[in-house]
Amino acid sequence: MNLQNLEAFVHVAWFGSFSKAAEMLYLTQPSISSRIQSLEKEIGSPLFERLGRHVVLTELGKFYLPYAENLVNAYRESRVAISRYEDGVTSEVTIAASLSISTYILPSLLTAFRKQYPEASIKILTGQANDILDMVLKGKVDFGLTRTILHPKIHRYPMFSDQILLVAYPEHPFSKTRTVRLEEISHEPMILFDQGSADWSVIHGLFQSEGMNPNIILSVESIEAVKQLVLRQVGLAFLPYMAVREEIEKGELIEVPICNTPRLARQIDLIESIDRSQPNPVIQDLKERLIQSEWYESHFAI
């Protein structure tokens with residue numbers, strides 16, 4: 001059985017799209033379609049149902065997917081092992097990420113990755129969204145992890161949506177109410193994180209849309225510093241759920257629901273340059289782990 005056909009099948013199944021699978025494998029969409037057709041002909045039955053621009057697995061496709069994944073993973077691991085054996089070069093991966101992602105997302109994910117690739121050398125560079133984009137475009141990093149950025153010279157792979165919550169200490173009067181009006185919040189002392197960022201522009205715009213301004217009493221660059229200030233009852237803060245999940249679960253912080261206002265959110269993506277050549281198997285494996293991980297859903301679903 002042709003491993004290239006299996007690899008195409010696995011990627012289409014993962015991303016639900018022929019075009020996304022083509023991007024990940026650095027192929028054209030017709031090439032992906034041809035490989036899927038060849039595999040379906042060999043098996044003797046369709047593996048996908050086409051629903052407009054998206055595809056879903058048939059019952060046979062769902063049954064066959066774990067077997068195909070095992071074969072593709074075994075092949076990829078063998079390529080990595082051979083590469084190590086032949087040249088003895090330690091694989092190096094350089095990632096650009098926002099400070100919050102490098103603090104709250106990458107440690108646990110990279111721990112699992114390092115167990116499989118103990119010789120891999122991983123370097124993480126931090127910065128704001130524009131810094132990350134610049135590093136990706138200039139080829140200083142293998143890929144970047146940041147909020148959604150649209151640029152004609154990058155491929156963008158959605159990872160997860162992170163909620164931005166208004167949080168308070170448990171003793172705050174808002175803890176005794178089901179929802180709070182934006183006007184009430186505007187009078188409360190507010191601690192600002194990452195002034196001038198796109199995330200803050202969204203939050204500030206929420207108040208401005210109602211003709212209000214938040215009562216900013218402190219502005220700091222560190223999320224951890226903001227959390228400590230809220231815990232010490234200095235004020236309220238808007239923070240990413242990824243940063244306050246543990247404190248909310250422990251009851252150390254509470255979410256303050258805002259009346260008649262949908263939760264704010266930011267989309268986190270993996271980005272890479274469209275001019276980048278196909279990466280080595282280790283980098284490709286890490287990239288796909290980050291895109292496919294079910295860890296996000298289990299940790300950030302609220």
statement: Note: GLU210 to ASP275 extended length (0.36 nm per residue) minus current alpha-carbon separation gives 19.0 nm
- request: Check cross-link reach from LYS176 to the aspartates and glutamates: straight Cα distance under 12 Å, and skip same-chain residues fewer than eight apart.
  value: GLU255
The chain - share of DSSP beta bridges that are antiparallel (%, nearest 5): 60 percent
- request: Can you tell me the dipole magnitude for the chain around its Cα centre, using point charges on the Cβ only (Lys, Arg +1; Asp, Glu -1), in Debye to the nearest 20?
  value: 380 debye
- line: Any residue on another chain or 5+ positions along whose placed amide H is under 5 Å from the amide H of MET159 is listed here as ILE268, ASP269, LEU270
message: For the range 194-302, what does the relative contact order come out to in percent, with C-alpha contacts under 8 Å and a separation of six or more?
response: 21 percent
message: List the lysines whose Cα sits under 28 Å from the Cα of LYS62, skipping any in the same chain fewer than 8 residues away.
response: LYS20, LYS41, LYS287
- line: Residue separation between TYR75 and SER45 times 0.36 nm, minus their alpha-carbon distance, gives in nm 8.4 nm
task: As a check on your grasp of the helix formula, calculate [θ] at 222 nm for the chain: sum -39500 (n - 2.57) over DSSP H runs of n ≥ 4, divide by the residue count, round to the nearest 500.
output: -14500 deg cm²/dmol
- prompt: For the chain, with the dipole built from +1 on Lys and Arg beta-carbon atoms and -1 on Asp and Glu ones, taken about the Cα centre, which of VAL234, ALA74, SER31 lies farthest toward the positive end?
  reply: SER31
query: When the solvent-accessible surface of protein heavy atoms is calculated with a 1.4 angstrom probe, in what order do HIS155, HIS172, HIS54 fall, highest first?
result: HIS54, HIS155, HIS172
task: Just name one of ILE291, ILE254, VAL244: the one whose Cα is farthest towards the positive end of the charge dipole of the range 224-302 (beta-carbon charges, Lys/Arg +1, Asp/Glu -1).
output: ILE254
message: Using Cα-Cα distances under 8 Å and only pairs 6 or more residues apart, what relative contact order does the chain have, in percent?
response: 20 percent
message: Which of the three applies to the range 159-297, rounded, prolate or oblate, going by the alpha-carbon gyration tensor with a ≥ b ≥ c and a/c under 1.5 meaning rounded?
response: prolate
Antiparallel bridges, percent of DSSP beta bridges restricted to the range 7-138 (to nearest 5): 40 percent
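Please report, ordered by residue number, every helix of the chain (full DSSP H runs) that is 20 Å or longer along its axis going by C-alpha atoms and whose mean Kyte-Doolittle hydropathy reaches -1.0.
Qualifying helices: 29-43, 59-87.
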query: Placing +1 at every Lys and Arg Cβ and -1 at every Asp and Glu Cβ, with all other atoms neutral, what dipole size does the range 183-302 have around its Cα centre, in debye to the nearest 20?
result: 100 debye
message: Using a 1.4 Å probe on the protein heavy atoms, what percent of the accessible area of the range 114-160 belongs to carbon and sulfur?
response: 48 percent
- prompt: Taking all protein chains as present, what is the carbon and sulfur share of the accessible area of the range 185-264, in % to the nearest whole number, probe 1.4 Å?
  reply: 46 percent
statement: Charge dipole of the chain built from unit charges on the beta carbon (Lys, Arg +1; Asp, Glu -1), centred at mean Cα; most positive-end Cα among ILE191, SER98, LEU218 is SER98
- prompt: Out of residues 5 or more away from LEU236 or on other chains, whose amide H comes under 5 Å of its own, with H placed 1.01 Å from N in the peptide plane?
  reply: MET190, ILE191
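The values are calculated or read from the model by the stated rules, or taken from the named source; none is laboratory data. Treat the numbers as computed from the prediction; the structure is a model and nothing was measured. We place every Cβ from the backbone using ideal geometry, glycine too, and count neighbours over all the protein chains shown. What goes into the accessible areas is simple: the full protein's heavy atoms, side chains included, and nothing from ligands, DNA or RNA. Shrake-Rupley method; radii C 1.70, N 1.55, O 1.52, S 1.80 Å.
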